[in-house]
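The values are calculated or read from the model by the stated rules, or taken from the named source; none is laboratory data. This is a predicted model, so every value here is computed, not measured. We place every Cβ from the backbone using ideal geometry, glycine too, and count neighbours over all the protein chains shown. These area figures cover heavy atoms from the full protein model, side chains too; ligands, DNA and RNA do not enter into them. Shrake-Rupley method; radii C 1.70, N 1.55, O 1.52, S 1.80 Å.
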Amino acid sequence: MTTGILVGGAIGALAALWTWTAPGDAGLWPPADGSDVVEAHLLDNGFHSDLALPRAALEARDGPLAEAVRSLPPGDWILIGWGDAKFYVDQSPIHHRLPDGARAFFRPGNASVLMLDPAQRPPSALSRENGRRGLRLTQAGFDAVASRIEGSLDLSRGGPRVAAVRAGDDARFFASRETFSIAHLCNHWTAGVLNAGGLPVRPFRSIVSSELSAAVARAELDTPARRD
């Protein structure tokens, strides 16, 4: 009997985690018809998710994130992602990096980086090999997204600092104050950013990148305009 209760409790806890939804803010997302919007995009390569945000809107803000964006090479769009400071930056074949991947997943206290990558081409052109879903953010929602991204920067030395670069790549990897682990992966981070902008997300399921696109699709179907 005791074993059955424990098993049932474990199943119930897993089901609760699986279905747990962090509510969004209907005042931030989606924009009302006719309201000012900021175009954004969610890019998904099947494993990792990035956000594409307009550079002009990011630079128009005050603060460390705008400072970091202004330091980048030219590009009208900024691809933004987050991940482990070593595994995320390394581009060697994945089978060479499996031991380091295990370290990144299971060792507590891993350093992390925030990627800011300027892109000349629009997200629609960048997504030929990746999945892409467009987002329409209110100005307040965009500010909340940018503030959440900015909050990830390590400012312990007085401002944003580049922790890594890749040869021949315009991307810059800025030191982050957050830590990477199996409990806080790249897609969890992106889910948190989208949630800050008003989008309801399922944190546990966000371990996979496809869940983020699904969250956007669900939210779009649940808007009054769609229901009508």
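Highest mean first, the peptides 72-79, 187-194 sorted by other C-beta atoms within 10 Å per residue fall in the order 187-194, 72-79. Normalised per residue, the accessible area of the chain is 51 Å², obtained with a 1.4 Å probe and no contribution from ligands, DNA or RNA.
Under a no-solvent Debye model with one identical scatterer per Cα of the chain, what's log10 I(q)/I(0) at q = 0.09, 0.10, 0.12 Å⁻¹? With no solvent term, the Cα-only Debye profile gives -0.39, -0.48, -0.68. Share of carbon and sulfur in the accessible area of segment 143-194 stands at 47%, probe radius 1.4 Å. Remark on segment 72-202: hydrodynamic radius 15.9 angstrom, per the Kirkwood mean of 1/r across alpha carbon pairs.
Taking the Cα centre of the chain as reference, the dipole from Cβ charges on Lys and Arg (+1) and Asp and Glu (-1) amounts to some 520 debye.
Just need the relative contact order of the chain here, percent rounded to a whole number, with Cα pairs under 8 Å and 6+ apart. So the answer I get is 30 percent.
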